[in-house]
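Okay, structure first, notes after.
The values are calculated or read from the model by the stated rules, or taken from the named source; none is laboratory data. Since this is a predicted model, take the numbers as computed values, not measurements. Every residue, glycine among them, receives a Cβ derived from its backbone with ideal geometry; neighbour counts consider all protein chains shown.
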Amino acid sequence: MNVLICVKKSTQKIYKNVFGAGGHDERLWLNAWTSIKTIVDTEEIPFLILDKDLRVTIANDSFYSTFHVQAKDTEHTLVYNLGNGQWNIPSLRGLLTDIVLKHTFFKGFETTRNFPGIGQKVMLLSAREIYRIDETLGVFPTRIFLVIENITDMVDVAHTISQSIHGL
């Protein structure tokens, strides 16, 4: 029973972070998010949900563990200000801005970044707008789903294989 109360309270916080106070059927959201949160936190690929201003509304557990950060240092922060500015990449800024302004999406944006404590990572980023129009609920605020796939090991293996082939 205590776990259920905890999930409900954290779900209410997430609802307010994602949609703000009022204007939407909070009960419907709470029921849906309770189910979604259980599934989302089992996802191994890190991701963020950003608002229209590109601030982090929520991240999954995999994001926090992969990048060694906490929710208090992540939520409500501009994506470009996360960590020590590792996400402040001009081309990423352009891609995310296009999603907000032009309703585009992107897949497979490759970037290499150095993170304190975890080292250099090669990542593939993909993002798209999450929106929903429902006659009874109206339009939910703009949200962007940003997925961050760590491909460092794959790149290292490919490099090793390439070196082995060229060395023959």
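One table, with the values for the structure above:
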{"item": "All positions within the range 114-126 that are of a type outside the set (S, T, N, Q) and either under 15 Å from I148 (Cβ atoms) or assigned to a helix (DSSP H, G or I) (or both)", "result": "F115, I118, K121, V122, M123, L124, L125"}
{"item": "Residues (farther than 19 Å from R113 by Cα, touching a helix residue (DSSP H, G or I) at 6+ places or on another chain (Cβ under 7 Å) and not basic (K, R)) located in the range 36-48", "result": "D41, E43, E44"}
{"item": "Search result, residues across the range 35-84 that are under 11 Å from the mean Cα position of the chain (by Cα) and charged (D, E, K, R)", "result": "D51, R55, D61, E75"}
{"item": "Pick from the range 132-167, criterion in a loop (DSSP other than H, G, I, E, B) and over 24 Å from T97 (Cβ atoms), ranking: modelled with the lowest pLDDT", "result": "E135"}
{"item": "Test result for S91, over 15 Å from F145 (Cα atoms) and either of a type outside the set (V, I, T) or surrounded by fewer than 15 Cβ atoms within 10 Å (Cβ to Cβ) (or both)", "result": "yes"}
